[in-house]
Amino acid sequence: MASMKAVRIHFFGGPEVLRVEDVPVPEPKAGEILLRVQAASVNPVDYKIRSGKYPLLKAEDLPVTMGRDVAGTVERLGEGVSGFRVGEALYAMLGRDRGGYAQYVILKPEEAAAKPETLNATEAGAVPLAALTAWQGLFDHGGLKQGQRVLIHGAGGGVGHLAVQFARAKGAWVAATASSQDVKFVKELGADQVIDHKAQKFEDAVEPVDLVYDLISGETEDRSWAVLKEGGILVSTLHEPDKDKAAAYKARGARYMAQPDAGQLAEIAKLIDGGLVRVQVQKVFPLAQAAEAQRVAEEEHTQGKIVLDTA
Ligand SMILES: NC(=O)c1ccc[n+]([C@@H]2O[C@H](COP(=O)([O-])OP(=O)(O)OC[C@H]3O[C@@H](n4cnc5c(N)ncnc54)[C@H](OP(=O)(O)O)[C@@H]3O)[C@@H](O)[C@H]2O)c1
């Protein structure tokens with residue numbers, strides 16, 4: 001049986017619990033695609049899972065292969081898969097039952113779309129989870145429409161830098177908060193107003209908005225109600241917004257978990273290939289240095305994304 005390298009954890013802990021192991025290459029069953037992975041991105045959920053802080057993964061579920069999104073080429077098609085061909089370049093967000101920090105991974109057709117043509121594999125690998133999170137938060141949960149106003153917290157990071165560009169592409173007016181190193185970057189992405197979160201209180205600077213898209217939570221969320229218009233909505237990627245505060249401000253709150261979605265990835269690829277959205281990859285690590293990649297993502301400032309080269 002052919003084997004491959006995969007980065008797995010057998011118990012929770014710091015980056016040192018990540019192990020590069022030899023495991024069997026998975027077999028695509030009927031309806032599945034075997035992808036030869038070229039790039040896998042590092043997301044905050046990866047180090048939350050690794051440290052045991054992610055509630056949906058328990059010690060009894062270990063060992064697991066890390067990683068939730070990938071880019072690569074089709075190696076083999078399971079029986080009955082149509083619409084894909086061997087050698088085709090794809091990108092995908094994976095269901096929680098598989099891991100992308102590996103040389104091969106199984107994809108379900110409903111998770112995968114053709115890679116944006118204008119991106120190389122590393123850049124494409126950076127996109128799926130962050131982009132689907134931004135897309136679903138702004139449009140599916142936030143209902144953002146052309147001409148509306150949105151405030152995006154954490155706009156220099158993986159999800160935020162894509163959210164700013166999706167909102168602009170939709171024709172929304174965009175205010176954003178970011179770390180000081182990212183203020184220029186976020187302006188260049190098209191935000192109409194950018195606030196250095198340590199230098200200025202956003203609630204003193206931003207006129208009322210229809211949507212607050214919150215990637216930070218805590219006191220950032222608390223202070224955000226004051227900038228929402230009546231009937232506006234605060235959408236969080238982190239936890240359920242306070243219902244009493246929402247009611248007091250005549251606003252709504254929502255929390256969600258991003259889901260794989262091939263159709264949305266195809267839409268996102270069009271925006272990227274159309275030049276409306278660019279992808280920022282700050283640093284690329286080889287698969288064997290996944291532990292260092294997670295340490296950097298967790299402890300250091302990152303502009304955009306960190307990616308593992310698995311080729
Ligand atoms: N629910 C879901 O399905 C889902 C999906 C994706 C992500 N998430 C969560 O959403 C969060 C963001 O994800 P991400 O991938 O974008 O993370 P990220 O790449 O680490 O980006 C976070 C950004 O926020 C900045 N920041 C920190 N404190 C801030 C503040 N008070 N105000 C404004 N900006 C601040 C950070 O700057 P510094 O680096 O300088 O601190 C960084 O640029 C994470 O907690 C992640 O777990 C949830």
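Bear in mind that the values in this text are calculations on the coordinates, not laboratory data. As the structure is a prediction and not an experimental result, all values here were calculated from the model. Neighbour counts are summed over all protein chains in view; Cβ atoms, including those assigned to glycine, are modelled from backbone coordinates with ideal geometry.
If r is the Cβ-Cβ distance from D97 to R255 and R0 is 22 Å, what FRET efficiency results, to the nearest 0.05? Efficiency for this residue pair is about 0.45. Sorted fewest first by neighbouring Cβ atoms within 10 angstrom, F202, F84, F11 come out as F11, F84, F202.
Taking every DSSP beta bridge that has both residues in the range 130-255, what percent is antiparallel when rounded to the nearest 5? Kindly include the intermediate steps, with their values, before the conclusion.
Details: 0 of 22 bridges.
If we restrict to bridges inside the range 130-255, about 0 percent are antiparallel.
Taking 14 Å as the cut-off, the amide N atoms of the range 71-94 that come nearer than this to a point 7 Å along the Cα-to-beta-carbon line of A30 belong to 78-82.
Summarising the amide proton neighbourhood of G232: residues at separation of 5 or more, or on other chains, whose placed amide H is nearer than 5 Å comprise R252.
Shape class for the chain: prolate, because the ratio a/c of the largest to smallest gyration tensor axis (alpha-carbon atoms, square roots of eigenvalues) is 1.5 or more and a/b beats b/c. Residues whose amide H comes within less than 5 Å of that of R149, counting only those at least five positions distant or on another chain, are W173, D210, L211 (H built at 1.01 Å from N in the peptide plane).
With the contact rule set at Cα under 8 Å and sequence spacing of 6 or more, what percent relative contact order holds for the chain? Show your work: numbers first, answer last.
Values: 773 pairs, mean separation 61.5, N = 311.
Across the chain, relative contact order equals 20 percent.
Modelled spin labels at L238 and K201, positioned 7 Å past Cα toward Cβ, are 1.9 nm from each other.
The residues neighbouring Y101, those whose beta-carbon lies less than 12 Å from its own, together hold a net charge of +2 under the Lys/Arg +1, Asp/Glu -1 convention. With a sphere of radius 14 Å drawn around the Cβ of E21, what net charge do the other residues whose Cβ falls strictly inside it have (Lys, Arg +1; Asp, Glu -1)? Within the 14 Å Cβ shell, the charges total +2. What's the FRET efficiency of E60 with D222 using the Cβ-Cβ distance as r and R₀ = 45 Å, to the nearest 0.05? The value I calculate is 0.80.
Relative to the longest principal axis of the Cα atoms of the chain, the long axis of helix 290-299 makes an angle of roughly 10 degrees.
Sequentially through the range 84-100, phi angles give Karplus couplings (6.51, -1.76, 1.60; θ = phi - 60°) of 10, 9, 4, x, 5, 8, 10, 9, 7, 9, 8, x, 5, 8, 9, x, x Hz, Gly and Pro residues having no value and appearing as x.
From its DSSP helices (H runs of at least four residues, each -39,500 (n - 2.57)), the chain gives a residue-normalised ellipticity at 222 nm of -6500 deg cm²/dmol. Axis of helix 262-273 versus longest Cα principal axis of the chain: the two differ by about 70°, to the nearest ten degrees. Label-to-label distance, A247 versus V20, with points set 7 angstrom from Cα along the beta-carbon direction: 5.5 nm.
Using Cα pairs under 8 angstrom and six or more residues apart, how large is the relative contact order of the range 130-255, in percent?
Once divided by the residue count of the range 130-255, the mean separation gives 22 percent.
Partner lysines whose Cα lies under 25 Å from the Cα of K145, excluding those fewer than 8 positions away in the same chain, are identified as K170, K187, K229, K243, K245, K250, K270.
Considering all different alpha carbon pairs of the range 130-255, the Kirkwood hydrodynamic radius works out to 13.8 Å.
If R0 is 41 Å, what FRET efficiency do you get for F11 and Q146 from their C-beta distance, rounded to 0.05? Don't jump to the answer; show the numbers that get you there.
Numbers: r = 49 Å, r/R0 = 1.19.
Computed FRET efficiency for F11 and Q146 comes out at 0.25.
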